[in-house]
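What follows is a short report on a single structure.
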Amino acid sequence: MAIVRLRKERTMEYNYEESIKTLRTNLQFCGRNIRVIMFTSAFPNEGKSSISFDLAHSLAQLGKKTILVDADIRKSVLLSRYEVEDEVVGLSQYLSDQCRLQDVIYATDEEKLSVIFAGPYSPNPVELLDEDLCKKMFEVLKYNFDYVVVDTPPMANLIDGAILAKYCDGSVIVVESGAVSYRVEQKVKSQLEKAGSRILGVVLNKVDLHSSKYYGRYGRYGYGKYGYGRYGRYGGNGENKEDGGLN
C-alpha cells in the first residue's frame, strides 16, 4: 500500500475539536453496525468535506482503522486542500476499470487513517457510481476497515449522493447556518429516504457567534433525528439558498 503525506497543517480550535469528538461519539452510539457513513449537503462550501476528513482523523486517533473515500468525482478538493504532491490514482479510475482497488487505497502519515482520492474528473459519474463494482468496493472496505467515511457531492442538484447512499449504513447532512432554506433541506432529506438511507442526524455548521447562542467559532454541532422540524428555516437573517442557486 502506497503512503501519501498530508502536508497542510490542520489547526483546530478547541471548541471545534470538541465538536468533532462529540460527533464521533454520537455516531458510535448509533450502533455497531453503522460503519459506512456518508456526509452530504445541499450545496457546495457548507463544510462537509472538512467535517468528513476531521471525523475520519478523529476516529483514527481513537485507534479505529478508518478510510476516507472522496466520492466527489465531479469536483474534489481533497488533493489541493491537503497539498498532496504525490502522483495518485483514484476512485474514477478504479470504477472505470483502469486499476485495481488496492492501487487506489493510500495509507497516510496519520496512523490508522487511509484515503481513496476521487481521481480525475469523470464525464459520467452517475453511471460509474451505479455500477456493481462500486457496491462491491464498499463491501470490501467495510470488511477491512472499522469505519468508512464517505464524502459525497452536494445533493440539491445532483443525484450522486442518493446513489452512494445505497451502499452506506447511514448518512449525515451538513447544513450551513443561515444559508439554506427549509424547502431545500427537505428535498435532500427526501432523496436520502427514497434511497433507503438511515439519516443519522444533522450537523449545523458555521454558526455566527455574534447572532446565536452556539459555542465555538464554527458552532456547536446540532443533532436531531432528522433535525429539520426544530430548525425550521435556517438562520432567518440574510438570504437562503434556494433550488438551483448557490447564493
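Quick notes on this structure:
- Selection status of Val126, crowded, with 17+ Cβ neighbours inside 10 Å and aliphatic (A, V, I, L, M): no
- Candidate set: the stretch 159-176, residues that are surrounded by fewer than 24 Cβ atoms within 10 Å (Cβ to Cβ) and not hydrophobic (A, V, I, L, M, F, W, C); chosen: the one farthest from Leu129 (Cα to Cα): Glu176
- Residue match in the stretch 150-158 (condition: in contact (Cβ under 8 Å) with a residue 24 or more places away in the chain and surrounded by fewer than 21 Cβ atoms within 10 Å (Cβ to Cβ)): yes
- Only a single criterion out of (1) touching a residue at least 12 places away in the same chain (Cβ under 8 Å); (2) out of contact with any helix residue (DSSP H, G or I) (no Cβ under 7 Å at 6 or more places or on another chain); (3) not acidic (Asp, Glu) is not satisfied by Gln98, namely (1).
- Residue-level check: of (1) hydroxyl-bearing (Ser, Thr, Tyr); (2) exposed (fewer than 15 other Cβ atoms within 10 Å of the Cβ); (3) within 19 Å of Ser50 (Cα to Cα), Tyr143 misses just (3).
- Search result, residues across the stretch 101-120 that are among the aromatic types (Phe, Trp, Tyr) and farther than 10 Å from Leu91 by Cα: Tyr106
- Unique match (being buried (at least 17 other Cβ atoms within 10 Å of the Cβ), touching a Ser or Thr at 6+ places or on another chain (Cβ under 9 Å), among the charged types (D, E, K, R) and closer than 24 Å to Glu185 by Cβ) among Lys48, Lys112: Lys48
- Among the residues of the stretch 62-88, those that are crowded, with 16+ Cβ neighbours inside 10 Å and closer than 14 Å to Ser114 by Cβ comprise Lys64, Thr66, Ile67, Leu68, Val69, Asp70, Leu78, Tyr82, Val84, Val88.
- Number of the condition not met by Arg74 [criteria: (1) free of Cβ contacts under 8 Å to residues at least 24 places away in the same chain; (2) over 23 Å from Ser177 (Cβ atoms)]: (1)
Only the coordinates and a few stated rules stand behind these numbers; no lab work does. Just so it is clear, the model here is predicted, and its values are computed rather than measured. Every residue, glycine among them, receives a Cβ derived from its backbone with ideal geometry; neighbour counts consider all protein chains shown.
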